Amino acid sequence: MEAIRHPEQLCAKVEHAHQLVSRKWVSLIIHTLMEEPKRFGEIHGYIPDLSKRVLNERLKDMEQEGILIRNVITSRPIRTEYSLTRKGVELGRALQALEDWAEKWL
């Protein structure tokens with residue numbers, strides 16, 4: 001049985017989602033991670049106009065939101081990879097619809 005949604009709860013969730021994806025670079029970072037996990041430098045290579053400082057901030061924010069996970073690989077050389085969680089993949093699929101729209105209309 002589905003819970004009844006109160007309009008104020010729905011509005012708060014939708015507003016939070018809009019605030020999240022409207023932060024500059026978030027949707028492009030998600031786009032780069034849709035295929036496979038990537039290291040920091042690889043993500044930066046896909047989005048060269050994004051400063052390393054801002055990329056680091058966005059990755060931390062997205063990790064706190066549960067959209068991606070940071071995985072430290074301890075085999076030599078030690079490296080860190082970022083990958084989308086299930087929540088992040090579903091958001092990426094939703095953003096794909098926007099990408100399709102942009103391709104068609106912009």
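The values are calculated or read from the model by the stated rules, or taken from the named source; none is laboratory data. This is a predicted model, so every value here is computed, not measured. Cβ sites come from the backbone with ideal geometry, for glycine too, and all protein chains shown count toward neighbours.
Return the pair list, or none, for Cβ contacts closer than 8 Å from residues in the stretch 86-98 that are free of Cβ contacts under 8 Å to residues at least 60 places away in the same chain to residues that are surrounded by 12 or more Cβ atoms within 10 Å (Cβ to Cβ) and assigned to a helix (DSSP H, G or I), at least 6 apart or on different chains.
Partner pairs satisfying both residue conditions: GLY88/ILE30; GLY88/LEU33; GLY88/MET62.
Please specify each residue of the stretch 25-70 satisfying the condition of being at pLDDT 95 or above and over 16 Å from LEU84 (Cβ atoms).
Selection gives GLY41, HIS44, GLY45, ASP49, LEU50, SER51, LYS52, ARG53, VAL54, ASN56, GLU57.
Which of the residues belonging to the stretch 18-38 are farther than 17 Å from GLU99 by Cβ, in a loop (DSSP other than H, G, I, E, B) and out of contact with any Asp or Glu (no Cβ under 8 Å at 6 or more places or on another chain)?
Result: GLU36, single match.
Quick check on the stretch 71-79. Is at least one of its residues surrounded by 12 or more Cβ atoms within 10 Å (Cβ to Cβ) and under 15 Å from TRP25 (Cα atoms)?
No; the residues of the stretch 71-79 include none that is surrounded by 12 or more Cβ atoms within 10 Å (Cβ to Cβ) and under 15 Å from TRP25 (Cα atoms).
Between residues in the stretch 49-73 that are free of Cβ contacts under 8 Å to residues at least 60 places away in the same chain and residues that are among the acidic types (Asp, Glu), which pairs lie under 6 Å by C-beta distance while being six or more apart or on different chains?
Matching pairs, first to second residue: ARG70/GLU63; ASN71/GLU81.
What number of residues within the stretch 93-106 satisfy the criterion of being in contact with a Ser or Thr (Cβ under 9 Å, 6 or more places away or on another chain) and either exposed (fewer than 12 other Cβ atoms within 10 Å of the Cβ) or not aliphatic (A, V, I, L, M) (or both)?
Selection size over the stretch 93-106: 2.
Report the residue count in the stretch 53-106 for those that are among the polar types (S, T, N, Q) and not in a helix (DSSP H, G or I).
Residues meeting the conditions: 6.
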